[in-house]
Amino acid sequence: MGGALTRYRVIAWIVGVALVVLVLIGMPLKYLFDSPTVVAVVGTAHGWLYMLYLAATFDLSRRVNWPLQRMLLVMLAGTVPFVSFYAERRVSRWLTAGRQPRTPEPVAG
Amino acid sequence: MTPNPPHYDTVSETPRPPGTLDAMKRLWTPAWIARHVAMVVLVVGFLGLGWWQVTRAAGGNALSYGYAIEWPVFAGFVVFVWWREVRHTLRKGSPEPPATPAPPAAAGSAPPTRTPGVRRPVRVTRRPAAAGADDGDLADYNRYLSWLNANPGARPGDYPG
């Protein structure tokens, strides 16, 4: 679970930053100052990165047995600027709070 | 391997596959109908958006080529998640596989009705671990092995740890 959570957090952060850059910098530049370069670059990158985000979220939810609804909500949260950061914090707290201490247990044989 | 008791019953542990009608009923509850509808709406919507981007790309918007690929991928992802949920529901309803697999040696008297699947051999170290050795990685691996042993038929990717 640890690796999947780390992957999710990394890609969620990247996608969140890309989305904020796209909305707060790219959109004003394109529609107010007629300079579409930022949108062309960051927009395309964000589309592909969001696919990685979906894959990472799916992988994580499968490992921790989330219900379908929670998985879809976390996936949708990645499409809203700034909410993705909140969702990432929330998911991390969910998954690390209930973590049991790793006690070794001997295997029979 | 521990020796198998002579009264080991293999027939009662052979799970019966669920009937098709039963499976259909389980996928026809209100919640599931909503999921089917949502899947169809999303797939049609995403494909429509993809087609819209194709027309925009044909109109000279080079950026739309990328989006024209991405929307069908999202549609495929929706179908994938839907199909996985269907499989999950069908598997949950079927009887649990036996915790201890039926050994082929015990089935000498009565022929088994189902060929047990070939699984990887479980390797157990002969050398006992040093007492007090607190090897976290080894303990993790042992827990993983015992989980695999307790869940026959599970794939390594299903390991929740």
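Every number in this text was worked out from the coordinates using simple rules, so none of it is lab data. As the structure is a computational prediction, the values presented were derived from the model and not from experiment. When we count neighbours, we look across all protein chains shown, and the Cβ atoms used for this are built from the backbone with ideal geometry, even at glycine.
Quick notes
- Principal-axis analysis of the Cα atoms of chain A puts helix A:83-97 at an angle of about 10° to the longest axis.
- Among A:L19, A:L68, A:L60: highest mean-square fluctuation, GNM of chain A, C-alpha pairs under 10 Å: A:L68
- For A:S84, the shell of other residues with beta-carbons less than 13 Å away shows a net charge of +2, using +1 for Lys and Arg and -1 for Asp and Glu.
- Helix A:37-63 axis, angle to chain A major axis (alpha carbon atoms, nearest 10°): 20 degrees
- Against chain A, whose longest principal axis comes from its Cα atoms, helix A:68-77 is set at around 30 degrees.
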